[in-house]
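Asker: Quick one: this structure, given as structure tokens, is what I'll be asking you about.
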């Protein structure tokens with residue numbers, strides 16, 4: 001019968017792992033092997049231990065599974081086959097990633113019977129190696145030249161369809177169609193505070209996208225970033241925020257950057273899986289270069305705006321905020337800041 005026992009070791013013996021390996025070596029007649037791998041996961045150490053124990057149970061060959069917590073960073077999972085010791089799994093929380101609120105790198109070592117240990121490792125790799133993360137790579141220039149830094153983004157605050165009632169069919173469905181299309185360009189237009197950046201962050205995280213972002217006009221005037229974007233993997237999304245001047249018509253102001261955007265969106269070198277999102281405070285296409293909005297090159301434009309009072313109520317309910325009063329329009333920023341201001345006032349008066 002498969003059983004799982006949990007116990008806590010109170011001893012401060014620093015050589016516990018060595019002692020356990022020695023004990024296994026003496027107890028196991030079969031060939032003993034040591035295998036190891038590491039995984040970056042968005043789960044806690046206790047959740048990981050539970051998942052490993054569940055994986056072992058699903059393998060249906062272990063008569064006993066014992067989870068022993070050594071420290072907050074180390075756990076030992078002993079397993080037996082037919083009542084005899086077969087091996088031990090050493091789980092170590094290597095480090096919590098910088099800039100992450102819930103992602104950690106775990107080292108998992110298995111010491112035991114060769115056949116069983118290799119099978120466990122394959123199962124763990126099958127479960128955890130598929131974990132992927134959304135990344136943003138920031139390109140910029142410094143005194144030493146072009147630089148780039150990548151970060152894995154944390155789970156953002158949730159966004160809801162009620163935040164964007166003008167996106168017909170829902171935001172996730174809309175972006176699924178965009179990513180599946182041959183068109184490269186999408187415009188997000190509208191005044192500040194209407195949720196453009198929040199939606200982009202949600203889309204990157206929800207779709208586990210490797211995105212590139214830059215605010216450096218000098219980089220956009222050279223080919224380096226664009227060549228990297230087109231030829232590198234897994235980068236699939238280029239985000240150009242506050243692009244009002246960069247997407248202006250070539251007939252007004254002699255915009256020299258447009259040709260690069262045109263070439264990577266629908267030029268001789270074209271990849272349908274490479275997408276470009278422009279955000280702009282412009283509210284119409286009047287000043288945008290007409291070549292950028294040509295059908296087949298441009299998927300569409302989402303025009304962001306303040307929410308009506310009725311829409312504000314729906315958005316507040318979806319987010320779990322208090323119902324706004326006053327018959328007026330509100331941007332998403334105003335809707336959420338209203339809640340912050342209210343909390344500050346309440347704390348000040350002692351409620």
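The values are calculated or read from the model by the stated rules, or taken from the named source; none is laboratory data. This one's a predicted model, so the numbers in the text were calculated from it and none came from an experiment. Methodologically, a virtual Cβ is constructed for each residue, glycine included, from the backbone with ideal geometry; neighbour enumeration extends over all protein chains shown.
Asker: Hey, can you tell me all the residues within the stretch 283-328 that are under 18 Å from residue 167 (Cα atoms), modelled with pLDDT of 75 or more and not in a helix (DSSP H, G or I)?
Answerer: Once the filter is applied, which keeps residues that are under 18 Å from residue 167 (Cα atoms), modelled with pLDDT of 75 or more and not in a helix (DSSP H, G or I), the stretch 283-328 yields 298, 299, 300, 301, 302, 303, 304, 305, 306, 307, 308.
Asker: A further question on this structure: Specify the residue that is nearest to residue 294 (Cα to Cα); the eligible residues are those in the stretch 168-181 that are out of contact with any strand residue (DSSP E or B) (no Cβ under 9 Å at 6 or more places or on another chain) and part of a loop (DSSP other than H, G, I, E, B).
Answerer: Among those that are out of contact with any strand residue (DSSP E or B) (no Cβ under 9 Å at 6 or more places or on another chain) and part of a loop (DSSP other than H, G, I, E, B), it is 168.
Asker: Still on this model: Given the conditions (1) touching a helix residue (DSSP H, G or I) at 6+ places or on another chain (Cβ under 6 Å); (2) surrounded by 19 or more Cβ atoms within 10 Å (Cβ to Cβ), which single one is not true for residue 167?
Answerer: (2)
Asker: Counting just the residues of the stretch 213-244 that are touching a helix residue (DSSP H, G or I) at 6+ places or on another chain (Cβ under 8 Å) and in a strand (DSSP E or B), which one comes out surrounded by the most Cβ atoms within 10 Å (Cβ to Cβ)?
Answerer: Step by step, filter the stretch 213-244, then rank; the result is 238.
Asker: Within the stretch 245-263, how many residues turn out to be modelled with pLDDT of 60 or more, assigned to a loop (DSSP other than H, G, I, E, B) and surrounded by 15 or more Cβ atoms within 10 Å (Cβ to Cβ)?
Answerer: Looking only at that region, the number is 3.
Asker: Looking at the stretch 203-212, which of its residues are outside any helix (DSSP H, G or I) and surrounded by 17 or more Cβ atoms within 10 Å (Cβ to Cβ)? I'd like the intermediate steps shown before the answer.
Answerer: Quick first cut of the stretch 203-212, residues outside any helix (DSSP H, G or I) only: 207-212.
Those that are outside any helix (DSSP H, G or I) and surrounded by 17 or more Cβ atoms within 10 Å (Cβ to Cβ): 209, 210, 211, 212.
Asker: Right, here's the next one. Given the conditions (1) surrounded by 15 or more Cβ atoms within 10 Å (Cβ to Cβ); (2) at pLDDT 80 or above; (3) over 35 Å from the mean Cα position of the chain (by Cα), report the number of the one that residue 90 does not fulfil.
Answerer: (3)
Asker: Of 153, 200, which residue is surrounded by fewer than 20 Cβ atoms within 10 Å (Cβ to Cβ), in contact with a strand residue (DSSP E or B) (Cβ under 8 Å, 6 or more places away or on another chain), assigned by TED's automatic domain parsing to the domain that holds residue 273 and at negative phi? Let's see the steps before the verdict.
Answerer: Details: 200 fails: surrounded by fewer than 20 Cβ atoms within 10 Å (Cβ to Cβ).
That would be 153, the only listed residue that is surrounded by fewer than 20 Cβ atoms within 10 Å (Cβ to Cβ), in contact with a strand residue (DSSP E or B) (Cβ under 8 Å, 6 or more places away or on another chain), assigned by TED's automatic domain parsing to the domain that holds residue 273 and at negative phi.
Matching residues to (1) without any contact (Cβ under 8 Å) to a residue 40 or more places away in the chain; (2) in a loop (DSSP other than H, G, I, E, B); (3) assigned by TED's automatic domain parsing to the domain that holds residue 333; (4) farther than 30 Å from residue 56 by Cβ:
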position	(1), (2), (3), (4)
91	no, no, no, no
106	no, no, no, no
109	no, no, no, no
116	no, no, no, no
147	yes, no, no, yes
166	no, yes, no, yes
188	no, no, no, yes
191	no, yes, no, yes
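Asker: Filter the stretch 184-197 down to the residues that are in contact with a strand residue (DSSP E or B) (Cβ under 8 Å, 6 or more places away or on another chain) and crowded, with 18+ Cβ neighbours inside 10 Å and list them by number. Talk me through it step by step, then tell me what you get.
Answerer: Pass one, the stretch 184-197, residues in contact with a strand residue (DSSP E or B) (Cβ under 8 Å, 6 or more places away or on another chain): 184-190, 196-197.
Within the stretch 184-197, 184, 185, 186, 187, 188, 189, 190, 196 meet the criteria.
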